Amino acid sequence: MANPRLYDLTTSQPRPHVSGISMSWTLPQIYRWESASEKQDEFSAAATPPNRWMVARVTRNAATNAGWVIESDVCRHIDDIDPSVDLMTDVAQYIRAPEKLTDERIIDLQGEYFLGEKRNLEGWAERSDSSTIVRIKPLKANSAGNILFADYQPHNPNVFSFHDPLDGIPAGTEIGYSVIGWHADINEDPWMGKPSNITHGQLLAQLNMVLDKAKMDQADVMKWTTS
């Protein structure tokens, strides 16, 4: 049987949206681990991961370079999604909480909401919420109610992963990518609340994060970690 993710079962032809390069990134433990306090009814929630990701494609020919911004927290109803968007490769299925606890229809509608949107970097700017642009705040690594959400690429397209269809890229082209994440709301960024009396290196240790030891001797890295 043909894999429906790769082939259109109605035509038996490869699906154009799935060809190309797919990549995903691993969220550090700070965005995953939640813990209970020794005190009763106290709970430490995992930090909110970045919800903006800039993906840059770099080649040896400037004409084939490109950039995108992934807005991970965008939640759209299927009726508000452009027909050109592939529901299997361009968005992640999401169980959206009902606006009213008495709204029992949410179970029936859980297959109609999708997370994530990829936009061209050129001309990109933050948008205000609207009737068709709803943002999940905060968007957590476990927000989708799916234990594989943060790690399994087919479950998180344009949330914690990216697909480049390579449209117009000649065969044999050498391609590299850079990915940079940040928080649209700086109040969700654990780095923005760094106390002035600790260094970046100490904060890294507190967050169970480390830098590549091979790069620690570089002057600019050493200057940053001790500041």
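The values are calculated or read from the model by the stated rules, or taken from the named source; none is laboratory data. On a predicted model such as this, the values are computed, not experimentally measured, just so you know. Glycine gets a Cβ as well: all are built from the backbone with ideal geometry, and neighbour counts include every protein chain shown.
Couple of notes before you dig in:
- All of Met54, Met88 fail the test of being in contact (Cβ under 8 Å) with a residue 60 or more places away in the chain, closer than 27 Å to Thr173 by Cβ, surrounded by fewer than 18 Cβ atoms within 10 Å (Cβ to Cβ) and in contact with a Leu (Cβ under 8 Å, 6 or more places away or on another chain), apart from Met54.
For (1) over 30 Å from Asp212 (Cβ atoms); (2) at pLDDT 75 or above; (3) in contact with an Asp or Glu (Cβ under 9 Å, 6 or more places away or on another chain), each residue gets a yes or a no:
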position	(1), (2), (3)
Ser12	yes, no, no
Ser24	no, yes, yes
Gln40	yes, no, no
Val55	no, yes, yes
Thr59	no, yes, yes
Arg76	yes, yes, yes
Asp79	yes, yes, yes
Leu101	yes, no, no
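- Restricted to region 190-199, and to residues there that are under 21 Å from the mean Cα position of the chain (by Cα) and without any contact (Cβ under 8 Å) to a residue 40 or more places away in the chain, the residue that is surrounded by the most Cβ atoms within 10 Å (Cβ to Cβ) is Trp191.
- Failed item in (1) farther than 27 Å from Val58 by Cα; (2) under 15 Å from the mean Cα position of the chain (by Cα); (3) surrounded by fewer than 16 Cβ atoms within 10 Å (Cβ to Cβ), with Ser178 passing the rest: (1)
- Some residue of region 115-125 being basic (Lys, Arg), surrounded by 15 or more Cβ atoms within 10 Å (Cβ to Cβ), under 15 Å from the mean Cα position of the chain (by Cα) and assigned to a loop (DSSP other than H, G, I, E, B): no
- Hits in region 151-194 (condition: within 28 Å of Ser128 (Cα to Cα) and of a type in the set (A, V, I, L, M, F, W, C)): Val159, Phe160, Phe162, Val179, Ile180, Trp182, Ala184, Ile186, Trp191, Met192
- Of everything in region 114-144 that is at pLDDT 85 or above and touching a Lys or Arg at 6+ places or on another chain (Cβ under 7 Å), the residue that is farthest from Ala46 (Cα to Cα) is Phe114.
- Residue in region 206-215 that is at pLDDT 80 or above and either in contact with a Gly (Cβ under 8 Å, 6 or more places away or on another chain) or part of a loop (DSSP other than H, G, I, E, B) (or both) present: no
- Test result for Val221, β-branched (Val, Ile, Thr) and at pLDDT below 80: yes
- Answer residue from region 141-193, given it is in a strand (DSSP E or B) and of a type in the set (Phe, Trp, Tyr) and is nearest to Trp25 (Cα to Cα) among those: Phe162
- Residue within region 158-175 that is in contact with a strand residue (DSSP E or B) (Cβ under 9 Å, 6 or more places away or on another chain) and either loosely packed, with under 14 Cβ neighbours inside 10 Å or among the polar types (S, T, N, Q) (or both) present: yes
- All positions within region 126-140 that are touching a strand residue (DSSP E or B) at 6+ places or on another chain (Cβ under 9 Å), of a type outside the set (S, T, N, Q) and assigned to a loop (DSSP other than H, G, I, E, B): Glu126, Arg127, Asp129, Ile133, Ile136, Lys137, Pro138, Leu139
The rows are residues; the columns are (1) over 18 Å from Glu71 (Cα atoms); (2) β-branched (Val, Ile, Thr); (3) in contact (Cβ under 8 Å) with a residue 40 or more places away in the chain.
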residue: Lys137; (1), (2), (3): no, no, yes
residue: Asn156; (1), (2), (3): no, no, yes
residue: Leu166; (1), (2), (3): yes, no, yes
residue: Gly201; (1), (2), (3): yes, no, no
